[in-house]
Amino acid sequence: MSTSDNSGRRQNLVEKKVRELCYDLTFERYGADISPPIVDRLEYELDVIAENNYCAVYLIAYWLTNECRQKCVPFITKGNSGSSMLAFVLGITHVNPMPMHYYCPGCGYTDFNIGKYHSGSARYGTDLRKAVCPECGEEMTGDRVRYTV
């Protein structure tokens with residue numbers, strides 16, 4: 001069974017489920033005002049996996065990792081999915097593939113302009129010094145890895 005998306009391309013129910021799930025979990029993490037770089041990366045990856053018929057693979061991986069997490073079973077992601085934004089928002093991996101940025105766990109505020117908080121030679125988000133969220137006043141964390149899809 002399939003439906004049509006805005007581009008006129010046929011969209012199957014598994015792809016629709018993956019898209020809805022990804023956006024629901026992205027809203028949960030980043031709030032309603034998601035930064036354009038995150039939306040762009042998410043859309044790019046969703047299009048790639050849909051065109052290559054990998055939506056079911058990501059959905060099954062989501063279900064498996066979710067089950068492992070609920071039962072306290074350790075797991076590790078290997079291969080290209082480790083640097084995927086989809087895998088990150090679905091909880092398949094803990095690796096955030098976006099460029100170095102600040103993230104507020106309190107309100108979801110995200111800032112890719114790290115220069116206003118940090119000057120120096122940080123290579124990873126964990127190297128960034130502490131910063132306060134301009135939206136809610138909570139401490140932001142730095143996030144970044146060196147892998148990309």
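What follows draws every value from the coordinates through simple rules; no lab data is involved. None of these values were measured; they are calculated from a predicted model. Counting neighbours? That spans all protein chains shown, and the Cβs are built from the backbone with ideal geometry, glycine included.
Estimate the FRET efficiency between residue 130 and residue 75 by the formula 1/(1 + (r/R0)^6), using the beta-carbon distance for r and 25 Å for R0, to the nearest 0.05.
About 0.25, to the nearest 0.05.
State, to one decimal in nm, how far the label point of residue 67 lies from the label point of residue 40, with both points 7 Å from Cα in the Cβ direction.
Placing both labels 7 Å beyond Cα along the Cβ direction yields 3.8 nm.
What does the net charge come to around residue 27 if you take all other residues with beta carbon closer than 13 Å to its beta carbon, with K and R at +1 and D and E at -1?
On the way: positive: 19, 29; negative: 20, 24, 28, 33.
It works out to a net charge of -2.
For the stretch 49-64, what does the Karplus curve 6.51 cos²θ - 1.76 cosθ + 1.60, with θ = phi - 60°, yield as ³J(HN,Hα) per residue in whole Hz, taken in order and with x for Gly and Pro?
These are the phi-based 3J(HN,Hα) values: 5, 5, 5, 9, 6, 9, 4, 5, 4, 5, 5, 5, 4, 4, 4, 5 Hz.
What distance in nm lies between label points placed 7 Å from Cα along the C-beta direction at residue 28 and residue 112?
With each label point 7 Å from Cα toward Cβ, the separation is 2.4 nm.
Hey, with R₀ at 41 Å, roughly what FRET efficiency would residue 51 and residue 94 work out to, going by the Cβ-Cβ distance, to 0.05?
According to the calculation, E is roughly 0.95.
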